[in-house]
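Heads up, the thing below is written out as structure tokens.
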Amino acid sequence: MATHFCTNAEESPEPLKAEVKGTIPSWLQGTLLRNGPGIFSLGDTSYDHFFDGMAIMHSFAFKDGEVTHRSRFLRSDTYKANMAANRIVVSEMGTMAYPDPSKNFVFKAITFLNHTVPDFTDNGASNFMKYGDDIYATSETNYIRKIDPVTLETQDKVDYLKYLPVNLASSHPHYDKEGNAYNMGTSVAEKGKTKYILFKVPAVSGTEKNKKVPVLKNVEVICNVPCRSLLQPSYYHSFGMTENYFIFIEQPLKLDILKMATAYMRGVNWASCLKFCPEENTLIHLIDRKTGKEVETKYYTGSIVVYHHVNAFEEDGHVVFDVIAYKDNSLYDKFYLSKLKESLDDSYSKPKYRRFVLPIRSDKGIAVGEDLVKLKYTTASAVKEKEGKLTCQSEVLCEGFELPRLNYDFNGKKHRFVYGNFVEESALSKEVGKLDTETKEKLKWSEDNCWPSEPVFIPRPNGESEDDGVVLTSVINSNPGQSSFILLLDGKTFKEVARAYVSTVLHKDMHGLFIPQ
């Protein structure tokens, strides 16, 4: 099955009605967007890594008990350049593209310079996010692409660097009730300093509703966090947010900027410039949302690699945050196409659902060696090492769990239920599930030869409980003669509510966004 993930997709831009089995709740009205790589080879060239593939976007529109599906390639500048040349000419993180041998010296020299100071790809194949009233396809470079969420047509190309000095940015922003978005990016050696920038993209005001104001024009910098090492910023994929704080994990998985500048010349990809330093600890930054300043206490834990934050909340003078953590960065290597084609999996570093607790109160007058965590329901600790420095140990709530999603109404608040993929046996999930963080109970859905995507929870309007709603997941079905489908599961019982078979092929995707009607 793994090899199927590496075959080129075909788009279906016209809306096609899906065949519904079961009953879709009448209250479910809106569109689920899914994004992921879809083209892996072109002409006589191929991408080396699954995450590098050119983006294909899928939409599943729910209206009056019916589902309509369509898909379209993201018409990025990367896509256009590759298609025009009929070969891969734009480099991605795991694939360095070299010019056609027949090209002249000047062309090759320009290509070389472009890679010394990388002008990154706009192939946004990781996620969708909402800035203002607009939806963007995004990866983690300084470029995002506005799309039409109904037709999936590609629109404006937006460069963060015109508004903020960020060369890389997360594709997992947070949103508040007012519609403001919060995100963070890395600024490499701007004015001789490498730093992390937390920023806010305000919701569109009434006066700007009908004006063509660039979405990032009103961006506000909340905080600058200096990088621990000037030319080796930490890699991160997401961050945490509570009512009063941001949580940023500066982990010992680092991007070596100098190595990146010479990667093209050395004939290696940019991903090889990511280095994991297991001997180093992890620094957890806690930033006050109101003041934009870091709290004085320094929080440390052992070396971990985190891609996905689950949620964070405050309780009795503590900030509690949950993450999916690995002991190393071997997960990325599992998705090289050569590895996917060899076998589905061998030994891989399984992720752990970890809960950390950061006491906010001062440690003055508290003895060295004392645990400052006073919450009774967790075994997580924060032990005073010296004045102003705490060493944190997490509680492991679950193993082999990834792509976490929750009822977003509980984002930044105390939650109980998390939905995700169980990956106990393989990085390619065959099971989608629900985890009760209090009882540790797991509910799972799986079917033979079926591969569910990241689940997305949609709360029922005026729902009576945190898990009152449905879970949506797109399912690749490799059973002969059967179609792939979008699956609806009951948020409480995790029993199947309905499924809608689509008449086109679905693909292994990354992340998605539900837009209520």
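The values are calculated or read from the model by the stated rules, or taken from the named source; none is laboratory data. All values reported here derive from a predicted model rather than from experimental measurement. Cβ sites come from the backbone with ideal geometry, for glycine too, and all protein chains shown count toward neighbours. Just so you know, the surface numbers come from the protein's heavy atoms only, side chains and all, with ligands and any DNA or RNA stripped out. Shrake-Rupley method; radii C 1.70, N 1.55, O 1.52, S 1.80 Å.
Across the range 257-267, in residue order, what do the Karplus-derived ³J(HN,Hα) couplings come to in whole Hz, using 6.51 cos²θ - 1.76 cosθ + 1.60 with θ = phi - 60° and x for Gly and Pro?
My calculation for the range 257-267 gives 5, 5, 5, 4, 5, 10, 4, 4, 5, 7, x Hz in order.
Of all trypsin sites (Lys or Arg not before Pro) in the range 425-484, which ones are in loop regions per DSSP and have a Cβ with at most 11 other Cβ atoms within 10 Å?
Lys440
Which loop-located chymotrypsin sites (Phe, Trp or Tyr not before Pro) does the range 1-41 contain, where loop means any DSSP state but H, G, I, E or B and the Cβ has at most 16 other Cβ atoms within 10 Å?
Of the chymotrypsin sites (Phe, Trp or Tyr not before Pro), the ones in loops of the range 1-41 whose Cβ has at most 16 other Cβ atoms within 10 Å are Trp27.
Can you work out the Karplus-derived ³J(HN,Hα) for every residue in the range 66-83? Use 6.51 cos²θ - 1.76 cosθ + 1.60 with θ = phi - 60°, whole Hz, and x for glycine or proline.
10, 10, 10, 10, 8, 9, 7, 6, 6, 7, 6, 4, 4, 4, 5, 5, 5, 5
Quick query: amide H of Val310 versus all other amide H atoms, modeled in the peptide plane; which residues come in under 5 Å with a sequence gap of 5 or more or a different chain?
Hits under the 5 Å cutoff: Asp322, Val323, Ile324.
Rounded, prolate or oblate for the chain? Axes are the square roots of the Cα gyration tensor eigenvalues, ordered a ≥ b ≥ c, and the cut-off for rounded is a/c under 1.5.
rounded
Of all trypsin sites (Lys or Arg not before Pro) in the range 474-509, which ones are in loop regions per DSSP and have a Cβ with at most 14 other Cβ atoms within 10 Å?
Lys495
In terms of modelled amide H atoms, which long-range or inter-chain residues lie less than 5 Å from the amide H of Lys389?
Amide H neighbours of Lys389, under 5 Å, 5+ apart: Lys298.
Explain nothing, just the number: relative contact order of the range 374-517, from Cα pairs under 8 Å at least 6 residues apart, as a whole percent.
Result for the range 374-517 is 15 percent.
Defining a contact as two alpha carbons under 8 Å apart and six or more residues distant in sequence, what relative contact order in percent does the chain show?
Rounded, it is 13 percent for the chain.
Translational diffusion coefficient, Stokes-Einstein: compute it for the range 203-342 using the Kirkwood radius over C-alpha pairs as Rh, at 37 °C and 0.692 mPa s, and state it as an integer in µm² s⁻¹.
184 µm²/s
Which whole-Hz ³J(HN,Hα) couplings does the range 294-311 yield from phi under the Karplus relation 6.51 cos²θ - 1.76 cosθ + 1.60, θ = phi - 60°, glycine and proline marked x?
Here the 3J(HN,Hα) series is 6, 5, 5, 5, 9, 10, 10, 9, x, 6, 9, 10, 10, 9, 10, 7, 8, 5 Hz.
Using the heavy atoms of the protein chains and a 1.4 angstrom probe, tell me the accessible area per residue for the chain in square angstrom.
That works out to 42 Å² for each residue.
Alpha carbon centre of the range 207-246 versus the range 318-375: separation in Å?
Comparing the Cα centres of the range 207-246 and the range 318-375, I get a distance of 23 Å.
Tell me, what is the percent relative contact order of the range 372-421, built from C-alpha pairs under 8 Å that lie six or more residues apart?
Worked out over the range 372-421, it gives 25 percent.
Once the other residues with Cβ under 15 Å from the Cβ of Met260 are scored (Lys, Arg +1; Asp, Glu -1), what is the net sum?
It works out to a net charge of 0.
Could you name the lysines whose alpha carbon sits less than 24 Å from that of Lys339, not counting residues in the same chain fewer than 8 places away?
Excluding near neighbours in sequence, the set is Lys254, Lys275, Lys327, Lys350, Lys352, Lys430, Lys508.
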